[in-house]
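Worksheet for the structure shown next.
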Amino acid sequence: MKKLHLRSMRSTISSALSFAMTLSMVVNTPLYAQTLNSQSTPLDHLKAAPRPVFKKGNTLLPLGQAHCGLSKDTYIELANYWGYGLPIQKDNLAQVAQANPGRYHLIASVGEVYRFYDNYDGRHPELPKLPLSTWLRNANGNIILNGGRPIVSPAAPDQAFQLIGDYYGKSIRQLEITAGQPIKLVQNQGESGLWVPLDNDPAQLYGQDPQVKADFTNSGLNDWFAYISRNKARQEGALKEKLFSNLQSRPVYSWYQEQYGTERGRWAGWSWYMFKYENFLNSLQKTIVSDYTSPEMYYNFHNSGWTGIEYNSAVPWDALTQALNNISGAISLGQKFTYPWVSMGWEDPGQPISSPDTFMGMMKTYYTAGAIGSVGGYFVCGGPLWEALNYNKPIGVTTPTLIKQLTIQGQAHALFSHLEEYLRKGDLLPGPNLHPYQSWTKVLPAMEFPAEGQTQQVQSRWGLITIPTVRVLARKISGEDRWLVTAWANVGSDRDVRVKIDNKLGTLTLRARKAGSVYVVKLVNGLVQQSLIDSDAMNPTKFLSP
């Protein structure tokens, strides 16, 4: 399966959108009376939603954003009440941070790095010149172009990426100085520089360059995919470290699409389309680039939504199965948390949008699996809808998808700020089954528990495939009889289900809801105590205290 890069995706999304699209509304009680009307703006819709209640002193990461823009006041509202970092490269928000010392977690972004690599011919004179050895060359020493663009060499020197890191680092450092406090998190939008071979034989593609071929021979590796991955980690790590050298401290770093693999093992050709995550860890299993895996989870985009299969490979292809593949593999390499880039969909022809409740259910299961934050992605970059979001213009009574999504992410984030102990001190339980993605990779546990009788069969190219209609995940506090259990009705209506998590607990009866149900289960004096934490599924912190 070919991956569609974020920048090319943005350029192909239609800008001719209608405000009259009928979108389902989040059913919630507003925090305060606010009547929505034809003149209501995106910020009005955000303010009409019930604000979540965060646990004071929690150490979850700030939520990030990756979209085409909101108004300054909307960014501030999200940072004030919804768990989001303040993106200080937007609309003089560094000055807002300066005026409110210590109030915000600051986020900076590294994007459009491909400009530096496209500058092989000096078309961007304002950018620093990279070494001539940055680009892949043929036997005659000429730069190899693919569709008019150069290819970054696996053997490109650290200096090339240090120049880029220094460029961004100096810019972000000036924002730190203005804001008067250090950056908390840096988002790197990725998708630039050395890339995966896609449909190309890597030995033929990169072996065109005699220097690369010699470097591969001397690398001690006999696997081109490992060689490419190790060098990608080296290059991105050099960029990051040079960027950090300009800053007051070491922020959390998230490089988009660094992952063990949501697709890894689903089919035999997976290694052509992703880097090998083990090469992004050093000999002590410490991360070289991102602090946490940063996979993509966009509804019905490179997946089948919340249920379904990939017809030809005859395995489940839903977003949670993919997420658990990445998480299971990362755990096997000593990495227990993740910081995914997520989306419930966007208004583009042929691109479905999730219902708000099932997106909430997915987010609750994702946090149970080990998410400690997320980046909200949304990719409508033109037309009246974008103008309304970016400039806070009237949009009417229908809540924009992006605002719905950002509030749901904030609500899920707030819920797990109260349950952080189960993330930090607990472990995701493997469940009784193996993960279905096992092609040319190691066998991993599924990291979920089957609910009794909650399956359906769907037709694949190779026959009927059984897939779950309820998803149950569980974490256990190390050394204690305390569990965090989440039940999500990813298919069908809310209903009671039976599931066995641990022999000590027997069979539990849980209410699986479309918006997810999060339970704390304890064993006290031999008796099972079971508490539903999010009694209001769509406003899950409604009855929780700071």
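For the reader, a short list of remarks on this structure follows.
- So Ser254, is it surrounded by 15 or more Cβ atoms within 10 Å (Cβ to Cβ) and part of a strand (DSSP E or B): yes
- Selection within the range 208-230 - part of a loop (DSSP other than H, G, I, E, B) and surrounded by 15 or more Cβ atoms within 10 Å (Cβ to Cβ): Gln208, Asp209, Ser219, Leu221, Asp223
- Filtered residues of the range 497-541 (kept if under 26 Å from the mean Cα position of the chain (by Cα) and more than 17 Å from Tyr422 (Cβ to Cβ)): Ala512, Arg513, Lys514, Ala515, Asp536, Ala537, Met538, Asn539
- Looking at Asp199, Asp209, Asp223, just one residue is over 30 Å from Lys170 (Cα atoms) and touching a strand residue (DSSP E or B) at 6+ places or on another chain (Cβ under 6 Å), and that residue is Asp209.
- Ser439 fulfils the conditions (1) small (Gly, Ala, Ser); (2) modelled with pLDDT under 95; (3) under 21 Å from Gln411 (Cα atoms) except for a single criterion, (3).
- Only one of the numbered conditions (1) assigned to a loop (DSSP other than H, G, I, E, B); (2) closer than 20 Å to Ser290 by Cβ is violated by Ile164, and that is (1).
- Among all positions in the range 116-134, there is no residue which is closer than 20 Å to Tyr378 by Cα and in a loop (DSSP other than H, G, I, E, B).
- The range 235-248, residues that are surrounded by fewer than 20 Cβ atoms within 10 Å (Cβ to Cβ) and not polar (S, T, N, Q): Glu241, Phe244, Leu247
- Residues located in the range 101-136, provided they are crowded, with 20+ Cβ neighbours inside 10 Å and either more than 30 Å from Leu78 (Cα to Cα) or charged (D, E, K, R) (or both): Phe116, Tyr117, Leu130, Thr134, Trp135, Leu136
- Residues of the range 477-532 classified as surrounded by 15 or more Cβ atoms within 10 Å (Cβ to Cβ) and on the phi > 0 side of the Ramachandran plot, total: 1
- Apart from one condition, Glu480 fits all of (1) under 17 Å from Gln530 (Cα atoms); (2) outside any loop (DSSP other than H, G, I, E, B); (3) without any contact (Cβ under 8 Å) to a residue 60 or more places away in the chain; the exception is (2).
- Residue that is surrounded by the most Cβ atoms within 10 Å (Cβ to Cβ) [pool: residues in the range 280-319 that are in a strand (DSSP E or B) and of a type in the set (A, V, I, L, M)]: Met297
- Selection count, the range 142-157, where residues are at pLDDT 95 or above and part of a loop (DSSP other than H, G, I, E, B): 8
- Unique match (being in contact with a Ser or Thr (Cβ under 7 Å, 6 or more places away or on another chain), of a type outside the set (Phe, Trp, Tyr), surrounded by 15 or more Cβ atoms within 10 Å (Cβ to Cβ) and at pLDDT 95 or above) among Ala160, Ala179: Ala160
- Each residue in the range 356-391 was checked for being out of contact with any Gly (no Cβ under 8 Å at 6 or more places or on another chain) and either basic (Lys, Arg) or not in a helix (DSSP H, G or I) (or both), and 9 of them qualify.
The values are calculated or read from the model by the stated rules, or taken from the named source; none is laboratory data. Not measured: the values here are computed from a predicted model. Backbone-built Cβ (ideal geometry, glycine too); neighbour counts: all protein chains shown.
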